[in-house]
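Structure first, then comments.
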Amino acid sequence: MSNPTTFTPVVWTEQGLSKLLSASQQGISMAITHVSAGDQSYTPSATQTALRNEQQRVLIGGAEILNNTQLRFSALFDGPSEYPVKEVGIWSDTTLVAVYSVPDEQLNFKAADAAWLEVFTLNVSALPSQNVICSVGINNANVFLTQELLTMTYAQTLQSKNLIQQAHQNMLLNLRLRKAGL
């Protein structure tokens, strides 16, 4: 394992930067559409066009723009495959845009018949401003609604508690009325 204080950046590929520049010149944004995982660890190269040993590629499951320099997105890896995750690729359709891998380090593990949800924060400060977006696929595992879901769950729990208290009070009143013979 590498030293936890050492930061290993994502390597932007030449073909990814070329696609981004082309999109930027046309006045459009480049969409990040997929994330892939593989089982080889190494020092990534800007000339890469694929992962060394890709095991699985999935659609982006949820995304949000944090600010002008950071995107956050999630990807859900599921199915029968089992492999150590040692390399991650970020894709725009069929173009490898960025690669992350650390020599001799395992990043995660995808177990057989289990789902692995990974959240990525991508620093895009080195790229033309606001020219990278995320295209969310069908398998939307949007984990960025956590605060909203928590607030809604809390409100529903309070409402349920109040309804139970009201039903209990009605039951006690009913019992008192029966004993009084009314």
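Rounded to the nearest 0.05, what FRET efficiency do Thr8 and Ala115 have when you use their Cβ-Cβ distance and R0 = 35 Å? It would help to have the intermediate numbers written out before the result.
On the way: r = 26 Å, r/R0 = 0.74.
Working from the Cβ atoms, E equals 0.85.
Given a Förster distance of 45 Å, report the FRET efficiency between Gln159 and Gln106 from their Cβ-Cβ distance, rounded to the nearest 0.05.
Details: r = 46 Å, r/R0 = 1.02.
Efficiency computed from Cβ-Cβ geometry: 0.50.
Which ³J(HN,Hα) values, rounded to whole Hz and listed in residue order, are derived for the stretch 29-45 from phi using the Karplus coefficients 6.51, -1.76 and 1.60 in 6.51 cos²θ - 1.76 cosθ + 1.60 with θ = phi - 60°, glycine and proline given as x?
Listing the rounded values in order: 9, 8, 9, 7, 10, 9, 10, 10, 10, x, 10, 10, 10, 5, 8, x, 10 Hz.
Considering only Asn68, Asn53, Asn170, give the residue with the highest GNM mean-square fluctuation for the chain, with springs between Cα atoms whenever their separation is below 10 Å.
Result for the chain, Cα springs under 10 Å: Asn170 fluctuates most.
HN-Hα J couplings of the stretch 152-169 from phi, Karplus 6.51/-1.76/1.60, θ = phi - 60°, integer Hz, Gly and Pro as x?
With coefficients 6.51, -1.76 and 1.60, one gets 5, 5, 4, 5, 5, 5, 4, 4, 5, 4, 5, 5, 5, 4, 5, 5, 5, 4 Hz.
Only helical DSSP H runs with n ≥ 4 go in: add -39500 (n - 2.57) per run for the chain, normalise by residue count and round the 222 nm mean residue ellipticity to 500 deg cm²/dmol. Don't jump to the answer; show the numbers that get you there.
Values: 2 runs with 46 residues, N = 182.
Helices in the chain give a 222 nm mean residue ellipticity of -9000 deg cm²/dmol.
How big is the dipole moment of the stretch 78-129 about its Cα centre under a simple scheme where the beta carbon of each Lys and Arg is +1, that of each Asp and Glu is -1, and everything else is neutral? Debye, nearest 20, please. Please list the in-between numbers first.
On the way: 2 positive and 8 negative charges, 32 e Å.
Dipole about the Cα centre, nearest 20: 160 debye.
For the chain, what is the percent of antiparallel DSSP beta bridges, rounded to the nearest 5?
90
Taking every pair of alpha-carbon atoms in the chain, what share in percent sits in each 5 Å bin, from 0 to the bin with the longest distance?
For the chain, the binned pair fractions read 1, 7, 13, 15, 15, 12, 8, 5, 4, 3, 3, 3, 3, 2, 2, 2, 1, 0 percent.
Give me the percent relative contact order of the chain, please, defined on Cα pairs under 8 angstrom at least 6 residues apart. Please report the intermediate quantities before stating the final value.
Working: 352 pairs, mean separation 48.0, N = 182.
So the answer I get is 26 percent.
Values quoted throughout were computed directly from the atomic coordinates according to the rules given, and no laboratory measurement underlies them. Given the structure is predicted, the values throughout are model-derived calculations rather than measurements. Cβ: placed from backbone, ideal geometry, glycine included. Neighbour counts: every protein chain shown.
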